[in-house]
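One structure below.
Please treat every number below as a calculation from the coordinates, not as lab data. What you see is a predicted model, and the numbers here were worked out from it, not measured in a lab. Cβ placement follows ideal geometry from the backbone for every residue including glycine, while neighbour counts extend to all protein chains displayed.
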Amino acid sequence: MSEQSFSSASSVSAPSEGTRQTRNRVLASGVVAVAGTVSVGWVLATGTGATVAIAWTALALAVVAGLWGYTYVHAPENASSGETSVHNNSGETPVYNSLGLPTAVTLFRGVVVAGVSGIAGVSGIAGVTVLGATTPVWAWAAALGYGVVAALDSVDGSLARRLGRVTRLGGRLDTAVDAFGLLAAPLAGVALGELAWWYLSVGAARYVFVAGLWWRERTDKPTFDLPPRTSRRVLAGLQMAVVPVALAPGVFDSWMPLVTGVAAGGLLLGFGRDWLYVSGRLRPVDAGSQVTSVEN
């Protein structure tokens, strides 16, 4: 009896063929991402010296490993989502056998974010005493790198819709890359002296918000649905447009305190408003069924 139960449980928990294929693709692309990161580090060593290059490579590889590990764990979510989802005979949405071009674009954005994270770490740990006259070069590298991340932000989603490859995994990765990028890039800006320290609140806001939701769940407090608002995407997009310009040394420097202050203020006020919604202190105008409690 126990053997039958164990066999049944094993068959239920066994990953599908699509999940296994997706994980194989994740591992293969991870090798490419690691090789690419190490190659960039090798090039850096010729201009900055071995110490700085090794530090950058180690920090960037840590982020790459985290992103690919996150992707591997959530491989079962590499299935179509939305109204166009196709289901198999058992009523489940089958997992794709490949990551697809949209998710590949998202992962590429993640690799670039890893590079910006390396700049943030090296700048913060080593400081200008080690980087010396190359500091403007690092600032420009961070500005251009995060500019690429921001420019491609709408590309992966647009490709997914156009190719019919909108997946839960893709949406999850897009959110993770956006959130971590908006933390890493301001960290680089602060370390390089291009952004004020208080702008780090923009990158920390989402993580504080998610931690607050987790705490409410742990303490059995009700959590309410957020009403749909286009302003969330607009405010996040505004930060992604402002940060690359703020990172670029000598570009609109006199205007940046005002511009970053307005952009950050709008985003933080938005998070504050959303917290009032999820905690039940504020209700939408068309309240009712929209503000039902959720379990997760």
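Tabulated values for the structure
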{"read-out": "Ranked list, fewest to most other Cβ atoms within 10 Å of each Cβ, for 96, 146, 207, 70", "value": "207, 70, 96, 146"}
{"read-out": "Label-to-label distance, nm, for residues given as residue 154 and residue 14 (7 Å Cα→Cβ offset)", "value": "4.6 nm"}
{"read-out": "Pairwise FRET efficiency - residue 198 versus residue 104, Cβ, R0 = 35 Å, nearest 0.05", "value": "0.45"}
{"read-out": "Given charges at beta-carbon only (K, R positive; D, E negative), |dipole| of the range 17-194 in Debye", "value": "280 debye"}
{"read-out": "The range 140-162 and the range 190-227: distance between their alpha carbon centers, rounded to Å", "value": "23 Å"}
{"read-out": "Environment charge at residue 71 (Cβ cut-off 11 Å; Lys +1, Arg +1, Asp -1, Glu -1)", "value": "+2"}
{"read-out": "Share of pairwise Cα separations in the range 196-296, more than 22 Å, in percent", "value": "40 percent"}
{"read-out": "Cβ-based net charge around residue 282, under 11 Å, with every Lys or Arg adding one and every Asp or Glu removing one", "value": "+2"}
{"read-out": "Segment residue 218-residue 73, extension gain: residue separation times 0.36 nm, minus the distance between their alpha carbons", "value": "49.9 nm"}
